[in-house]
1. Please identify the pairs in which a residue from region 103-121 that is within 11 Å of L61 (Cα to Cα) has its Cβ atom under 6 Å from the Cβ atom of a residue that is among the basic types (K, R), counting only partners at least 6 apart or on another chain.
2. Report whether or not K175 is basic (K, R), outside the structural domain of K203 (by TED's automatic domain parsing) and in a helix (DSSP H, G or I).
3. Determine whether A135 is surrounded by 16 or more Cβ atoms within 10 Å (Cβ to Cβ), in a loop (DSSP other than H, G, I, E, B) and not basic (K, R).
4. Tell me which residues, restricted to region 169-191, are crowded, with 23+ Cβ neighbours inside 10 Å and of a type in the set (V, I, T).
5. Looking only at residues that are among the charged types (D, E, K, R) and surrounded by 15 or more Cβ atoms within 10 Å (Cβ to Cβ) in region 329-358, which one is farthest from the chain's Cα centre (by Cα)?
6. With the requirement that a residue be assigned to a helix (DSSP H, G or I), crowded, with 16+ Cβ neighbours inside 10 Å and modelled with pLDDT under 95, what does region 59-93 give you?
7. Quick check: is even one residue across region 178-200 more than 16 Å from S246 (Cα to Cα) and not in a strand (DSSP E or B)?
8. Just the residues that are at positive phi and touching a Leu at 6+ places or on another chain (Cβ under 6 Å), please, taken from region 124-183.
Amino acid sequence: MKRFARGMVSLAAAVLVSSVTSIGAWAQDVQLLPPGLIEPSSKEIIPEGKFKKAPPWKIGLAFPGVGNTWIVQMLQEMKYEASLNKNIGEFTVLEADWKPAKQVADIEDLMARNVDLLIVAPIAFPVVAAQVDKAVAKGIPVVVFGASNGELNGTLEVFGGGGAFGRVGGEFLAKELKGKGSIWAVRGVAGVGEEVLRYEGFKKAIAGTDIKIVAEVFGDWNYAKSKQLCENLVLSGKPVDGIWFSGAEMTRACIEVFKEAGKPLVPMTGEGNNGFFKIWKSSGVKSVAPVFTPGLGPAVVRASVALLEGKQMYKGYFSDPAPITNADIDKYYRPDLNDAYWVPSTLPEAKLKELFGK
């Protein structure tokens, strides 16, 4: 009898292990991006069938706004992905022009349209928390296009960049400068959650070194504004041994300023952008490029579709692939495409040439 009981316990344990393993496997079956580009960031599972709904579906996206070529490409990839799925009847995008109050109104608008699923890319997490809670209470699954670290009670989160992006640049500069020197920090749009996370990741990476941030400006992830800011910094005569950037459009602008002024280049952080690759390659500047793929947009669409199909999913996914180094430029640079192209893309080759061909 005791042997029988022990056998039953062993069988139960085996079934439990098998069940847990199977749940993880089922969730892994949903491929949001190619291997190596995104991984689950949570062990918590959304059960099969919880948000299953018969098509056609209405999906709404509350987005902060445009302002740089990465956003433009990401939205193009997102809309293209949605267009491929015959079960998506409506894919509505509302842009808030970087105004938090408008984003709150946009979310309310999308809920009033009775969307089957809501995607929210928050300008700032606390501002939209009440609206996310309201949508969830109404039974609308909310996919957060961002890593809120518990600040939002959405259904599922998909993102990349953030602290990991900033860490890559900070570690690179700490190594290149041997832990000491003066750094300029050229940040993105003030107050935006993603920008804050990137900057915090950078600061943590240089903590404990003798590196000092002697200048800090906000370039809004914008080429033209950053070029003017960099010109002002060069003219100011502030010491600089390296520059951390929150985005490559700003890096490209500053490299051009240094070249035009005849000022020796210092190590500068970049990003996976074709225009940056071109000037990185031609100038010989020492740099590193964190990978913030515009494929995150399609990944969000695929996650949304998987929820509405009733598939098991992890509650969180994060993209943190290996950065691009000086030795890797030729693997990613596309001289046949223009400066606005970002890597890696989910678009087919014909679409890439249509959108970014010279």
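1. Short answer, once both residue conditions are applied: V115/K58.
2. no
3. Spelling it out, it is not the case that A135 is surrounded by 16 or more Cβ atoms within 10 Å (Cβ to Cβ), in a loop (DSSP other than H, G, I, E, B) and not basic (K, R).
4. I183, V186
5. R334
6. Matches in region 59-93: T69, W70, I71.
7. For region 178-200, residues more than 16 Å from S246 (Cα to Cα) and not in a strand (DSSP E or B): present.
8. The one that is at positive phi and touching a Leu at 6+ places or on another chain (Cβ under 6 Å): G162.
The values are calculated or read from the model by the stated rules, or taken from the named source; none is laboratory data. Quick caveat: nothing in here was measured; it's all calculated off a predicted structure. Quick reminder, even Gly has a Cβ in these numbers, built from the backbone with ideal geometry, and neighbours come from all protein chains shown.
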